[in-house]
Amino acid sequence: MTKFEALKEFQLDDAFDEADLIDLYEEKIFEFKQYFLTKTPIFKLFESKISKLEKVGNAYNILTNIKVEFNETRLEFKSSQTEILANYLDFQEEKNRIKTKISNSKNAFELVSRVKNLLELEKINAQDWCSEVKIDANILVSKEPNPMEILEGIKIYNQNGGQNFDQLKKLENNPPEILIQEMKRLSLLFKKY
């Protein structure tokens, strides 16, 4: 990226004020955070935003002559792939931890790294739920259900004798509709997006 391209990224000219650059950079970082914290993590859409965020980070580095980088530790989350309830609680706990880190990110590269961890976590979770059930045309991957409703569905399923993903995927023990819909949504997300 050239200095001209970096200036264009922030819509500045050669005589820019550094305070203006800092304000614009912080504003852009805030907007990206809002996007990543409020939208359903869909890999292809988030990867496009990540690419734009990296451009903002590179432009800022060029204009400030400061090389800002960040390497978040890799995601350590491991799925139990057995008991649905414990797995879902662990997933939600890790997701909240990552979202807090996203919210606290100070620069573009820190934010990129943490969003990649969020995507990896979502991929692991979707893989656990992924099944061969017929996916309806009306399933929207971008519409996440309320986590409390999923949790309630899991508890009802446990009371019916359903404990693990294998049982859910075979539709054993009369799983609640919300779990079937979530299984379909996450299967579609994992396979196509």
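Values in this text are rule-based calculations from the coordinates and carry no lab data. Computed from a prediction, not measured in an experiment: that's the story for all the values here. Cβ placement follows ideal geometry from the backbone for every residue including glycine, while neighbour counts extend to all protein chains displayed.
For residues in segment 1-36 being of a type in the set (A, V, I, L, M, F, W, C) and within 14 Å of Ser105 (Cα to Cα), which is surrounded by the most Cβ atoms within 10 Å (Cβ to Cβ)? Quick ask: steps written out before the conclusion?
So in segment 1-36, the residues of a type in the set (A, V, I, L, M, F, W, C) come out as 1, 4, 6-7, 10, 12, 15-16, 19, 21-22, 24, 29-30, 32, 36.
Filter once more, keeping what is within 14 Å of Ser105 (Cα to Cα): 29-30, 32, 36.
Numbers: Ile29: 20, Phe30: 10, Phe32: 21, Phe36: 24.
My answer is Phe36.
Between Ser113, Ser105, which is among the hydroxyl-bearing types (Ser, Thr, Tyr), assigned to a helix (DSSP H, G or I) and more than 23 Å from Leu151 (Cβ to Cβ)?
Working: Ser105 fails: assigned to a helix (DSSP H, G or I).
Testing whether each residue is among the hydroxyl-bearing types (Ser, Thr, Tyr), assigned to a helix (DSSP H, G or I) and more than 23 Å from Leu151 (Cβ to Cβ) leaves just Ser113.
Being without any contact (Cβ under 8 Å) to a residue 60 or more places away in the chain and surrounded by 15 or more Cβ atoms within 10 Å (Cβ to Cβ) is true for just one of Ile139, Ile150. Which residue is that?
Details: Ile150 fails: without any contact (Cβ under 8 Å) to a residue 60 or more places away in the chain.
Step by step, each of Ile139, Ile150 is checked, and only Ile139 is without any contact (Cβ under 8 Å) to a residue 60 or more places away in the chain and surrounded by 15 or more Cβ atoms within 10 Å (Cβ to Cβ).
So which of Gly153, Gly161 ends up being of a type outside the set (A, V, I, L, M, F, W, C) and in a loop (DSSP other than H, G, I, E, B)? Give the derivation first.
Values: Gly153 fails: in a loop (DSSP other than H, G, I, E, B).
On inspection, the qualifying residue turns out to be Gly161.
Within the group Lys44, Lys67, Lys39, which residue is surrounded by fewer than 15 Cβ atoms within 10 Å (Cβ to Cβ) and either free of Cβ contacts under 8 Å to residues at least 24 places away in the same chain or among the β-branched types (Val, Ile, Thr) (or both)?
Lys67
Condition test on Ser48, is it within 30 Å of Leu24 (Cα to Cα), under 12 Å from the mean Cα position of the chain (by Cα) and of a type in the set (Ser, Thr, Tyr)?
Numbers: within 30 Å of Leu24 (Cα to Cα): yes; under 12 Å from the mean Cα position of the chain (by Cα): no; of a type in the set (Ser, Thr, Tyr): yes.
No.
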